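All remarks here apply to the structure that follows.
Laboratory data are not the source of any read-out in this text; all were calculated from the coordinates shown. On a predicted model such as this, the values are computed, not experimentally measured, just so you know. Cβ placement follows ideal geometry from the backbone for every residue including glycine, while neighbour counts extend to all protein chains displayed.
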């Protein structure tokens, strides 16, 4: 059984993880075997997501320390795993959706992403969110599109002007 100092160290670890994360997902793992948990952990790891199993009471203490996690408190029951992510906020949702679809095990309970609460029935919406790199690519594409149109327009006009100048020059030589 963990000592008081062990529990304080775990709460400090959770607090640091929460402070460094932009999202926390709660998933229920009741009824999963050790190999199932290993598979799920591996999938999270491949998605650059930190997945840990903590006692709910210790997570609640860490959340109390930071504040702003009150909407997740009702979900701190049963056997929970916690997915923490810094950058790709939809990555845990994608992993969970695929895992639940394939194995019919685990259960998404809730998430807090950049201070916004997402309930159990919003997993599909979270999983369909674009990654940061995809959004940046879309923005760059939108920004480059008008520039490309202007450049091609200028090039087309330039060739028309050059053709007109050449035609006028040829007419002048013929006269």
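Using the 10 angstrom Cβ neighbour count as an exposure proxy, how do 136, 26 rank, fewest first? Intermediate values should be presented prior to the final figure.
Details: 136 11, 26 23.
Fewest to most other Cβ atoms nearby, the residues stand as 136, 26.
Pairs of Cα atoms under 8 Å, at least six residues apart: use those to get the relative contact order of region 4-129, whole percent. Can you show the working numbers first?
Values: 187 pairs, mean separation 45.7, N = 126.
It rounds to 36 percent for region 4-129.
Would you mind ranking 106, 128 so that the residue whose beta carbon has the fewest other beta carbons within 10 Å leads the list?
Values: 106 20, 128 11.
If I rank by nearby Cβ atoms, fewest first, I get 128, 106.
Could you work out how far apart the two model spin labels at residue 20 and residue 104 are, taking each label as a point 7 Å from the Cα in the direction of the beta carbon, and quote it in nm?
Spacing of the two 7 Å Cα→Cβ label points: 3.9 nm.
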